[in-house]
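Enquirer: Could you have a look at this structure, given as structure tokens, before my questions?
The values are calculated or read from the model by the stated rules, or taken from the named source; none is laboratory data. Nothing here was measured: the structure is a model prediction, and the numbers come from that model. Every residue, glycine among them, receives a Cβ derived from its backbone with ideal geometry; neighbour counts consider all protein chains shown. Accessible surface areas use protein heavy atoms only, side chains included; no ligands, DNA or RNA. Shrake-Rupley method; radii C 1.70, N 1.55, O 1.52, S 1.80 Å.
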Amino acid sequence: MRTPAGRECPYFYGDYFRGREIEECRLLSRTETDRHWTPDLCSNCPVPDITLANACEHLVLDAKIRSSLLGLRRRVEVQARCNKCVCVVEDPYVGCGECHSNIQFLLGE
């Protein structure tokens, strides 16, 4: 679904049927309980870019809201892990490197 920032995100949910205006980030709602999500966090969230760059079905994203030193700026911080090799993914844009090797990509398998 399209976020308030204008990008496609699989975790954003908006219900506008018959005057309802319910918006939420389902990725943050399953991990964050103490901090409140607001639509302005979508403008610099890395999740839409990660899902566009990496479509691996084994990639699992976990997100947290981080505040700056004085609490003036809030941003979304994403951590990724792979369910297949059970490891932490350093660069979620690329993946773990074990699920899809370069040989499979070159052979078209």
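Enquirer: So for the chain, Kirkwood radius off the Cα pairs, Stokes-Einstein at 4 °C and 1.567 mPa s: how many µm² s⁻¹? Walk me through the intermediate numbers first.
Expert: Values: Rh = 15.5 Å.
Approximately 84 µm²/s, per Stokes-Einstein.
Enquirer: Another one. Amide H of PHE12 versus every other amide H placed in the peptide plane: which residues, excluding those fewer than 5 positions away on the same chain, fall under 5 Å?
Expert: ARG26
Enquirer: Taking segment 2-102, which chymotrypsin sites (Phe, Trp or Tyr not before Pro) meet the DSSP loop condition and have no more than 14 other C-beta atoms within 10 Å? Present the calculation step by step, with values, prior to reporting the outcome.
Expert: On the way: sites: TYR11, PHE12, TYR13, TYR16, PHE17, TRP37, TYR93; in loops: TYR11, TYR16, TRP37, TYR93.
Sparse-neighbourhood loop chymotrypsin sites (Phe, Trp or Tyr not before Pro): TYR16, TYR93.
Enquirer: A further question on this structure: When the accessible area of the chain is split by element with a 1.4 Å probe, what percent falls to carbon and sulfur? Please list the in-between numbers first.
Expert: Details: 4040 of 7820 Å².
Roughly 52 percent, rounded to a whole number.
Enquirer: Could you compute the FRET efficiency for GLU57 and ARG2, with r as their C-beta to C-beta distance and R0 at 30 Å, rounded to 0.05? Numbers along the way, then the final one.
Expert: On the way: r = 23 Å, r/R0 = 0.76.
With a Förster radius of 30 Å, E is 0.85.
Enquirer: Accessible area per residue for the chain in Å², computed with a 1.4 Å probe and the full protein assembly in place, what is it?
Expert: Numbers: 7820 Å² over 109 residues.
On a per-residue basis, the chain sits at 72 Å².
Enquirer: Under 5 Å between amide H atoms, partner at least 5 residues away or on a different chain: which partners does CYS87 have, H built in plane at 1.01 Å?
Expert: The list, which skips near neighbours in sequence, is CYS82.
Enquirer: Okay, moving on. So if each residue of separation counts as 0.36 nm, and I subtract the Cα-Cα distance between ARG30 and TYR93, what length gain in nm does that give?
Expert: Numbers: separation 63, 0.36 × 63 = 22.68 nm, distance 2.18 nm.
Taking ARG30 through TYR93 to full extension adds about 20.5 nm, to one decimal.
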